[in-house]
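Where a number appears in this text, it was derived from the coordinates with a stated rule and is not lab data. Owing to the predicted nature of the structure, the values given are computational and were not obtained by experimental measurement. Heads up, the Cβs are rebuilt from the backbone with ideal geometry, glycines too, and the neighbour counts pull from every protein chain shown.
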Amino acid sequence: MLVVHVSFECAPMYKTGGLGDVVGSLPKALAIKGIESAVIMPAYGWIRPLTHLPFSRVPIYYIENKWFKRTKPDHAPEYQAQAYAYFCFQVLEFLKSKKIRPDIIHCHDWHTGLIPFFLHTRPDPHFESTKTVLTIHNSAYQGNFKRKYFEAPETKVFSESLPKQKYIHFLELGIEYADTISTVSPNHAQEIISGGVNFGLSKSIKKRKTAFVGILNGLDYSVWNPQTDPYIIHKYSAKTVGVGKMKNKYTLQKQLGLLISDRVPLFAFIARLNRQKGLDLLLPLLERFVGNYQLVVLGTGDKKYERALKRYDRQEYRDFISINISFDEKLAHRIYAGADFMLIPSHYEPCGLTQLIGFAYGTVPIASHVGGLVDSISQGKTGFLFNSTATAFWQTIQEAHEFWLRKQEFMSLVTQILRENFSWVKSAQEYIALYRKVLA
Ligand code: ADP
């Protein structure tokens, strides 16, 4: 079976969030299980293109076009509409020209939503036996653009076949035409179906309800492993976790200019800065950390949240608060290794990877009771779950602190979470079952 993954991002070439991690690791896990896999992504001007996913034989193919030549991302709707519509069209042209006949084209998120649509509305004998799987990693991002954007000279080739509507909705078209659809955790699949979280997609999802499943993401332990992590200075294992994390905490405190001490718990928040991630819950609490707890924030995103956070980047808070507005892979690894707790106050979370990475580094998650966080964190056993309000959040932070003070109990929790196993093996098996079902 040949499965070709198509995505706008893939780690380590380009990553803005969890999708990059998934597309950088799921194809490798499938290949280990004997499924021939490949990745297709844009040939962005700012990436260093590798020929294969690291430590694997999974090839990566790059699609070039005039939009991707830019040296930095462009979020203007007109640009995104044209770039990714053309990308979808080119992916199919590329596969044909290379005589690659996938059994499955696995489309990830809205950027690839036109692929199932094109296969359906522009049938081609080359893809006669090809099926499509669309995975929704975040249903808030849908790619809904004015039709007039597709009248550029390049997009004219296929603009006639686009629906005769004012707007072209990539994700809805993907949902309608993909042979099967999935999201990245069973609980989030239920949230979407029940209408609890769906961002206006409930009608189109309901029509495809029987073809919609949730498969929990895995974690790539060749990337996220404190015993081998090249970014962290003090490597550690389950046996040396106590001293290992303490040394990494000191190193992190020193690097960020925080008070160097093991008598204050260190909480970390690593995320895209937007409302989804619960910035509105975190921001009102920031002042309360000063003098009590340490907080390290690493993120980029909405300017309003970047500005609000920067207000806490002040000399008088420096011992306790470190605000880092950047996308910094190395610092992220160091934070996972040095922090005591990961804060994940998301309003919704399709899967979430930061709690899984936290487990791998012995860093205890404090997370909202939503989506994939519920599927992966066991309350009181592997982390703390709370209902998304600022009051419950602060209460849980205080409880976690109390728990942290009981050193022996805390250390047994840390060793417990290090034993958690969210490797891709199980999830890859579930995807294979899904591919087989759709091919049957
Ligand atoms: P999402 O996909 O919604 O952004 P996830 O929890 O699924 O959230 O995945 C986030 C991934 O992005 C994790 O690997 C996290 O470490 C990483 N990440 C988020 N923000 C940053 C940042 N500013 N610098 C480095 N890594 C980041």
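Quick rundown of the values:
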{"read-out": "Degrees, to the nearest 10: 18-32 long Cα axis against longest axis of the chain", "value": "70 degrees"}
{"read-out": "Theoretical gain in end-to-end length, GLU78 to ARG275 [0.36 nm per residue, Cα-Cα removed]", "value": "68.5 nm"}
{"read-out": "Gain upon complete extension [VAL157, GLN190; 0.36 nm per residue less C-alpha separation]", "value": "8.0 nm"}
{"read-out": "Helix-derived mean residue ellipticity, 222 nm - over the chain, DSSP H n ≥ 4, -39500 (n - 2.57), to 500", "value": "-11500 deg cm²/dmol"}
{"read-out": "Label point at LYS96 placed 7 Å out along Cα→Cβ; residues across region 138-157 whose backbone nitrogen lies under 13 Å", "value": "157"}
{"read-out": "Exposure rule at most 12 other beta-carbon atoms within 10 Å, DSSP loop trypsin sites (Lys or Arg not before Pro): the chain longest free segment", "value": "167-238"}
{"read-out": "Whole-Hz couplings from phi, Karplus 6.51/-1.76/1.60, listed for region 165-172; x for Gly and Pro", "value": "10, 5, 10, 10, 9, 4, 5, 4"}
{"read-out": "Counted charge near GLN253, where neighbours are those whose Cβ lies closer than 15 Å (Asp, Glu -1; Lys, Arg +1)", "value": "+4"}
{"read-out": "Where only C-alpha atoms are counted, convex hull volume of region 92-226 per residue in Å³", "value": "150 Å³"}
{"read-out": "Considering only the chain, percent of DSSP beta bridges that pair antiparallel, nearest 5", "value": "10 percent"}
{"read-out": "GNM flexibility winner over the chain from GLY291, GLY299, GLY372 (Cα, springs under 10 Å)", "value": "GLY291"}
{"read-out": "GNM top mover of ILE335, ILE366, ILE397 - the chain, alpha-carbon springs below 10 Å", "value": "ILE397"}
{"read-out": "Prolate/oblate/rounded label for region 218-313 (Cα gyration tensor, a/c 1.5)", "value": "oblate"}
{"read-out": "Label point at THR228 placed 7 Å out along Cα→Cβ; residues across region 237-259 whose backbone nitrogen lies under 16 Å", "value": "237-238"}
{"read-out": "³J(HN,Hα), Karplus 6.51/-1.76/1.60, whole Hz, each residue of region 289-303, x for Gly, Pro", "value": "5, 4, x, 10, 10, 9, 9, 10, 10, 10, x, 9, x, 4, 4"}
{"read-out": "The chain: relative contact order as a whole-number percent, Cα under 8 Å and 6+ apart", "value": "13 percent"}
{"read-out": "Separation in nanometres of the label points that stand 7 Å from Cα toward Cβ, at ASP262 and THR300", "value": "3.5 nm"}
{"read-out": "Net charge over other residues, Cβ less than 12 angstrom from the Cβ of GLY214 (K, R count +1; D, E count -1)", "value": "-3"}
{"read-out": "Net length gained if the chain between GLU36 and LEU2 were fully extended (0.36 nm per residue, minus Cα distance)", "value": "11.8 nm"}
{"read-out": "Rounded if a/c under 1.5, otherwise prolate or oblate - region 263-403, Cα gyration tensor axes", "value": "rounded"}
{"read-out": "Cα pair distances in the chain, grouped into 20 Å bins until the bin that holds the longest one, percent each", "value": "25, 55, 19, 1"}
{"read-out": "Global form of region 103-156, assessed from the alpha-carbon gyration tensor, a/c cut-off 1.5", "value": "oblate"}
{"read-out": "Alpha-carbon Debye profile of region 28-93, log10 I(q)/I(0) at 0.19, 0.25 Å⁻¹", "value": "-0.79, -1.04"}
{"read-out": "Region 40-164, relative contact order in percent, only Cα pairs under 8 angstrom and at least six apart counted", "value": "23 percent"}
{"read-out": "Positive minus negative residues near ASP280 (Lys, Arg vs Asp, Glu; Cβ under 13 Å)", "value": "+2"}
{"read-out": "Max mean-square fluctuation residue, GNM over the chain, Cα-Cα springs under 10 Å, options LEU92, LEU285, LEU373", "value": "LEU285"}
{"read-out": "Distant-in-sequence amide H partners of VAL58 (H built 1.01 Å from N, under 5 Å)", "value": "LEU53"}
{"read-out": "At most 12 other Cβ within 10 Å, DSSP loop - GluC sites (Glu not before Pro), region 110-192", "value": "GLU128, GLU160"}
{"read-out": "For region 323-398 and region 17-48, distance of Cα centres in Å", "value": "25 Å"}
{"read-out": "Candidate lysines - alpha carbon under 21 Å from LYS156, same-chain residues fewer than 8 apart omitted", "value": "LYS66, LYS69, LYS96, LYS146, LYS148, LYS164, LYS166"}
{"read-out": "Estimated distance in nm for a label pair at LEU439 and HIS120, the labels positioned 7 Å out from Cα along Cα-to-Cβ", "value": "2.3 nm"}
{"read-out": "Whole-percent pair-distance distribution, where bins are 5 Å wide, for the alpha carbons of region 112-189", "value": "3, 14, 23, 23, 17, 12, 5, 2, 0"}
